[in-house]
Amino acid sequence: MESQNTKKGAAIKLFDWFESRLGLAKPMIEAALHPTPARSASWWYVFGSAATVLLVLQVVTGILLGLVYTPSAGEAWSSLQFLNHDVTLGWFLRAMHGWGSDFMIAIVIIHMVQVFLFGAYKFPRELTWIIGVFLLLLTLGMAFTGQVLRFDQDAYWGLGIGASIISRIPIVGGPMVGLLLGGPIIGGPTLARFFALHVFIIPGTLLALVALHVWMVLKLGINEWPMPGRVVSKTSYLREYQEETHKNGVPFVPDAAWKDAVFAAAILLSVMACALLLGPIGPTGQPDPTIIQTAPKPDFAFLWIYAVLAYLPADMETPFLFIAPIVVIGGMLLLPLVAGEGEKHWSRRPVAVLMLAVIAVTLGTFTQLGTYTPWSPQMEAWSGDTIPTQYLEGRSPLERQGALVLQNKQCRDCHALGGEGGMRGPALDTIAARMTEDQMIRQVLQGGGNMPAYGKALSPAETHALVSFLMTLRGKDLQPAVDFSRTLTRADNGAAPPAASGEGAR
Amino acid sequence: MSTSKQHGGAEHAEGAAQAAEQTESRGAVQSRRAFLFKLSLALNGVVGAVVAVPILGYILGPALKKNASYNSWVSLGSVADFPEGETRMVDFRNPVTMVADGMTANSACWVRHVESKKFQVFAINCAHLGCPVRWFPQSRLFLCPCHGGAYYEDGSRASGPPERGLFEYNYTVAGNHLMIEAGSLPTLATEACDRRTKPLVQIEPGAPGTSADEDANTTRSS
């Protein structure tokens with residue numbers, strides 16, 4: 001007993017020795033015990049801490065990858081192959097870092113949605129939200145620069161896309177491209193720049209802002225559970241919050257913190273499970289600009305931008321690229337300043353809920369489209385995809401020749417048949433039910449509506465064969481398209497209607 | 001000097017007459033220290049500005065350099081390698097490289113031999129967002145795999161999101177060799193081609209992909 005007491009005494013002495021010099025224990029204990037509104041010790045309030053834990057995971061795995069990774073354009077790709085295949089558990093560390101990044105983006109966005117829905121950005125937590133917006137942007141910046149460090153084909157052409165976008169800025173576009181690339185081409189200095197951004201500049205800023213963000217959460221207290229009818233007012237909120245937490249508050253540790261800890265552990269296990277089961281992300285082909293058999297694609301978080309750029313009308317693209325980000329980011333930053341008071345509960349904020357729903361559906365739809373890129377031509381469809389047999393059965397030699405023309409002239413790259421081929425143009429399975437022969441000939445020769453003109457690439461014989469084949473494509477029971485004006489003209493002349501002649505051509 | 005006066009003025013304005021009385025003797029010392037402190041701030045401001053000059057120069061270096069200054073003439077091989085009427089891809093090494101560039105200093109372009117000494121050398125990069133375009137001789141089109149930009153064989157815009165035709169390199173036939181002026185990544189700002197000879201935007205006002213495209217094609221090839 002006595003020896004235990006002296007041991008304990010020694011431990012306390014040691015603690016006191018440090019504490020009298022550091023003075024950290026007292027404020028840390030105070031912070032841990034700070035009163036939290038009882039209902040806010042909830043599973044809904046675990047996302048912020050989970051994001052922080054993921055950030056720590058990213059820092060640790062990032063440093064470990066840095067032990068092997070070579071930030072040189074000539075060697076980065078092979079150093080990743082080396083990590084994947086030759087370094088013990090190198091593949092797993094890469095996988096953890098890659099999936100950790102996806103999880104971090106997801107958790108940060110969920111955190112933001114929760115804060116928005118719960119009205120937590122309102123007075124006095126406006127600045128916490130504003131810093132949070134920057135944290136989101138920095139997280140996305142980490143994702144983009146990280147994708148560049150995975151120096152493969154996607155990274156190379158992704159940089160090219162970035163340079164092309166920036167080059168559109170009037171006047172300063174050229175110098176800004178130089179600033180981005182660090183030279184005239186995508187090369188050694190470019191990767192070195194993105195390495196510095198990904199490893200020093202962005203993480204440094206990120207950590208500093210996270211510290212501020214957490215500091216403000218401690219200083220201002222955790223947002224109370226929103227109640228319909230409880231209105232935030234700048235004159236009374238602080239007093240009300242004080243009363244609430246004093247009356248019904250619980251200490252953050254342990255009442256709320258255990259949920260954060262359990263969720264963080266679950267998230268870490270999920271990252272490990274993804275890493276184990278799905279493996280490291282990339283690298284794809286090597287970043288050789290002379291290998292053009294590639295369809296570069298951004299990482300998941302940026303697929304929606306890829307989709308938006310594909311669907312915007314050409315002449316709206318540049319204005320959109322430079323105005324939309326300012327409006328969106330500006331809107332997010334101004335939100336708490338504009339709507340800093342009033343109801344917090346989602347049932348009393350229909351516009352906010354509607355906005356969130358619209359944004360979520362929009363981003364979700366564009367991302368989903370980005371996963372299969374219907375706007376991209378399928379570059380191998382013309383030589384690789386088959387023509388369904390029912391489209392060839394019982395067809396005349398001319399029509400079959402037309403089917404060959406359809407394949408050989410790359411039509412399939414943009415037009416699907418039987419569900420195979422590009423989706424850039426309309427599928428041709430029932431084209432004859434929608435277009436008359438004349439319309440088809442015009443469309444093929446002159447193009448239009450996002451289709452190139454094939455007048456110079458087709459001989460009259462080829463056009464004739466192609467259109468003959470297309471005229472057979474009208475599904476099972478559909479009537480061929482009819483030019484009504486022609487019927488009238490012919491009826492005037494007492495001739496047969498064109499539907500019959502269409503049948504004859506078949 | 002004037003700053004220390006201002007400091008005193010501010011104190012006075014606060015109406016801290018008591019404090020002024022109490023610290024009358026220390027006041028002289030304090031105003032000197034305050035002055036010295038301000039002087040040190042000013043000194044550091046000046047030093048900071050001086051330090052910033054080389055730092056900014058270093059950071060902005062690549063931005064301030066004219067793109068044309070990177071360009072030089074690169075040989076794409078013998079003219080005989082390019083049969084008349086055909087379009088072929090050629091690889092070349094960027095004229096300015098460093099060891100760390102590795103394979104990224106390689107580049108490619110499409111060479112179209114129009115007739116005898118007339119060529120067109122197109123950048124591999126789509127004029128929309130820079131993805132690598134592929135040539136399909138059967139349909140006489142360049143197609144971009146990213147967003148589906150399409151160009152005719154003379155490089156003019158056929159359809160899709162690009163606002164203009166393919167970037168072209170300046171070329172010359174020196175003896176038996178086809179040379180192009182290359183050196184920087186072709187983008188709208190650092191066009192491969194001389195901007196004076198080709199308008200930046202070739203798209204016709206009005207709906208994209210309508211008959212205007214066809215007009216553009218015929219006028220350009222005629």
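Computed from the coordinates by the stated procedures, all read-outs in this text should not be read as laboratory data. Here the structure is a predicted model, which means the values were calculated and not measured. Counting neighbours? That spans all protein chains shown, and the Cβs are built from the backbone with ideal geometry, glycine included.
Computed quantities for the displayed model
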| quantity | calculated |
| --- | --- |
| Amide H contacts of B:V114 (H built 1.01 Å from N, under 5 Å, at least 5 apart or other chain) | B:G85, B:F119, B:Q120 |
| Too-long pairs where the Cα-Cα distance tops 21 Å, listed order kept, from A:K26/A:K122; A:K234/A:K344; A:K122/A:K234; B:K65/B:K118; A:K219/A:K247 | A:K26/A:K122; B:K65/B:K118 |
| Dipole in debye (nearest 20) - the protein assembly as shown, about Cα centre, beta carbon charges: Lys, Arg +1; Asp, Glu -1 | 1420 debye |
| Shape call, the stretch A:381-505: gyration tensor on alpha carbons, a/c limit 1.5 | prolate |
| Ascending count of other beta-carbon atoms within 10 Å, so fewest first, for A:H464, B:H128 | A:H464, B:H128 |
| Neighbourhood charge, 10 Å Cβ-Cβ cut-off, centred on B:Q120 and excluding it, Lys, Arg +1 and Asp, Glu -1 | -1 |
| Chain lengthening between A:A261 and A:I131 when straightened (0.36 nm per residue, less Cα-Cα) | 44.4 nm |
| Mean separation of Cα contacts under 8 Å, 6 or more apart, over the residue count of chain A: relative contact order % | 18 percent |
| Angle in degrees between helix A:126-149 and the longest Cα principal axis of chain A, rounded to the nearest 10 | 60 degrees |
| Rounded, prolate or oblate (a/c below 1.5 giving rounded, otherwise prolate when a/b exceeds b/c) for the stretch A:229-376 by Cα gyration tensor | oblate |
| Burial ordering of A:D385, A:D413, B:D91, fewest other beta-carbon atoms within 10 Å first | B:D91, A:D385, A:D413 |
| Separation in nanometres of the label points that stand 7 Å from Cα toward Cβ, at A:M227 and A:S485 | 7.2 nm |
| Net lengthening on full extension, A:V253/A:Q390 (0.36 nm per residue, minus Cα-Cα) | 42.3 nm |
| Whole-Hz ³J(HN,Hα) from phi, Karplus 6.51 cos²θ - 1.76 cosθ + 1.60, for the stretch A:319-325, glycine and proline x | x, 4, 4, 9, 8, 4, x |
| Estimated inter-spin distance, A:T284 and A:I329, nm [label 7 Å along Cα→Cβ] | 2.6 nm |
| Karplus 3J(HN,Hα) series, Hz, for the stretch A:62-72 with 6.51 cos²θ - 1.76 cosθ + 1.60 (x for Gly, Pro) | x, 4, 5, 5, x, 5, 10, 4, 10, x, 10 |
| Label zone at A:L478, where the point sits 7 Å out along the Cα-to-Cβ direction: the stretch A:444-465 residues whose backbone N lies under 18 Å | A:444 |
| Reference-scaled alpha-carbon Rg (2.2 N^0.38 Å with N residues) for the protein assembly as shown | 1.24 |
| Residues A:W304, A:W44, A:W382, sorted so that the one with the fewest Cβ neighbours within 10 Å comes first | A:W44, A:W304, A:W382 |
| Sites A:E380 and A:A357, calculated FRET efficiency, Cβ-Cβ separation with R0 35 Å, nearest 0.05 | 0.35 |
| Relative contact order computed over the stretch A:381-505 (Cα-Cα under 8 Å; 6+ residues apart), in percent | 26 percent |
| Nearest-0.05 FRET efficiency for B:I55 and B:S78, computed from C-beta distance (R0 45 Å) | 0.40 |
| Cα→Cβ-extended label distance, 7 Å offset, between A:A273 and A:H345, nm | 3.5 nm |
| Hz values of 3J(HN,Hα) by residue in the stretch A:443-449 - Karplus curve (6.51, -1.76, 1.60), Gly and Pro given as x | 5, 5, 6, 9, x, x, x |
| Nonlocal amide H pairs with B:G77, under 5 Å, H built at 1.01 Å | B:L178 |
